[in-house]
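Visitor: First the structure, then my questions, so here it is.
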Amino acid sequence: VALHSCGFWRPKSLLDTAGFALSFNSWHRKKHQDSQALWKHEAVQKYLETLNKEYQQVSHLLNADSINDFEQRTLRRRCADLSPIAAAFQEIKEAEREVQELESLCRELDSRDEKQLLELALEEKETLEKKIYTLCRKLFQLLIPKEKYDRSHVILEVTAGRTTGGDICQQFTKEMFEMYQNYADYKRWNFDIVNYTPAEIGGLHHAAAHISGDDVYRHLKYEGGTHRVQRIPEMGLSSRMQRIHTGTMSVIVLPQPEEVDVKVDPKDLRIDTFRAKGAGGQHVNKTDSAVRIVHLPTGLAVECQQERSQQMNKEIALRTLRAKLYQQIIEKQLSEEQGARKLQLGTRAQSERIRTYNFTQDRVTDHRISYDARNIKEILSGKEALDKLINRLLEFAEIEAVTEYLESLQSLEGGSC
């Protein structure tokens, strides 16, 4: 905290609060690094100690009689920013002291008569360690800036790629779409299918869905990219020869804020109608209810065929088109954020695959964080196993953001107040 030379308190951002040297050169950023390991880093501790001290000073200044209304408002805002960080910091410190006391107690409890007491102490220690981990994640989430679109609904699209033989891409695309549908159900989100183009032999060429609920984009934003599958086809010569085939499919996740303010000139649109191909009841293939809209200036095309009414399909397609046009603006902003770039796929080429699903080894590998998960069926079920993988990605992104956040302080060190 500092008083300006003119007599009033000048607020400092979280970035320029610390005046100490930060160096992460001695800390190698391991890909399996977790929140607790980052918490223990000396530079992180010093930075948080500085914020905690500033919070105490700001609280003290708020009680002073000599500050005017402007200073009061400025200090209250700063206090509101620092209060949850200081509270989480103190909670972690207190939990760590309790763990140390339990460890000391466990070393003394070595006789048979005290075995039950030792088990209770170890159980309580495990509970405290889980609490510390949760608090560390909460603390780092408070430190990093909130992404503008994290709370948004999304348009999720899946598209089958190419393979050297068989229909594994189309089958895998169908499994992936069903996985996200199940995940939406697991997270209690709404999953509304916008477009569904099945393949001839039970697979899926392309599908799109509108997913709404709490923090949908935050959980799905790193799912966008090329997903690779390695498996032995269930039918054909390759299945008899036990030959492994490799295929890909792509996922696109577009955030869709509640109000997408993108003006579309009707003159720039070409609207075609055709008969629906997907499942939808007796009206399928009998009426031209499906709608395709092409945005001529950009070449963007969207389809909707899920509703019986052509007008409803047109409205949904227009909404999806606006979301895609809006995405061009969003991508420009996201590209400016270093943390987002690290987990975003570039050209969606196969060489830039983000995840591999190896059925023969029953393993899913996320290449961005070198994370392996077993039991593909559990992950494709779209429930707890997938949620664990997605949360691991989110934690990795948070750690990267905090690390860069703190490293940036070093470049600010030595600047004027």
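Visitor: What number of residues within the range 63-77 are in a loop (DSSP other than H, G, I, E, B) and open to solvent by 100 Å² or more (accessible area, probe 1.4 Å)?
Guide: Residues that pass the stated criteria total 3.
Visitor: Take the range 125-153 and flag every residue that is open to solvent by 90 Å² or more (accessible area, probe 1.4 Å) and in contact with a helix residue (DSSP H, G or I) (Cβ under 6 Å, 6 or more places away or on another chain).
Guide: Listed by number, the residues that qualify are Lys131, Lys138.
Visitor: Could I ask something else about it? Which one is nearest to Leu318 (Cα to Cα), of the residues in the range 199-218 that are surrounded by fewer than 19 Cβ atoms within 10 Å (Cβ to Cβ) and either acidic (Asp, Glu) or in contact with a His (Cβ under 7 Å, 6 or more places away or on another chain) (or both)?
Guide: Residue satisfying both the conditions and the ranking: Ser212.
Visitor: Can you confirm whether Leu117 is over 29 Å from Leu139 (Cα atoms), open to solvent by 30 Å² or more (accessible area, probe 1.4 Å), of a type outside the set (Val, Ile, Thr) and modelled with pLDDT of 80 or more?
Guide: For Leu117, the condition - over 29 Å from Leu139 (Cα atoms), open to solvent by 30 Å² or more (accessible area, probe 1.4 Å), of a type outside the set (Val, Ile, Thr) and modelled with pLDDT of 80 or more - is met.
Visitor: Taking the range 261-291, which residues are assigned to a loop (DSSP other than H, G, I, E, B) and either assigned by the TED database to the domain that holds His206 or at pLDDT 70 or above (or both)?
Guide: Passing the criteria: Val262, Lys263, Val264, Asp265, Arg275, Ala276, Asp288, Ser289.
The values are calculated or read from the model by the stated rules, or taken from the named source; none is laboratory data. Only a predicted model underlies this, so the values are computations on that prediction, with no experimental measurement involved. Cβ: placed from backbone, ideal geometry, glycine included. Neighbour counts: every protein chain shown. We work out accessible area using only protein heavy atoms, side chains counted, and drop any ligands, DNA or RNA first. Shrake-Rupley method; radii C 1.70, N 1.55, O 1.52, S 1.80 Å.
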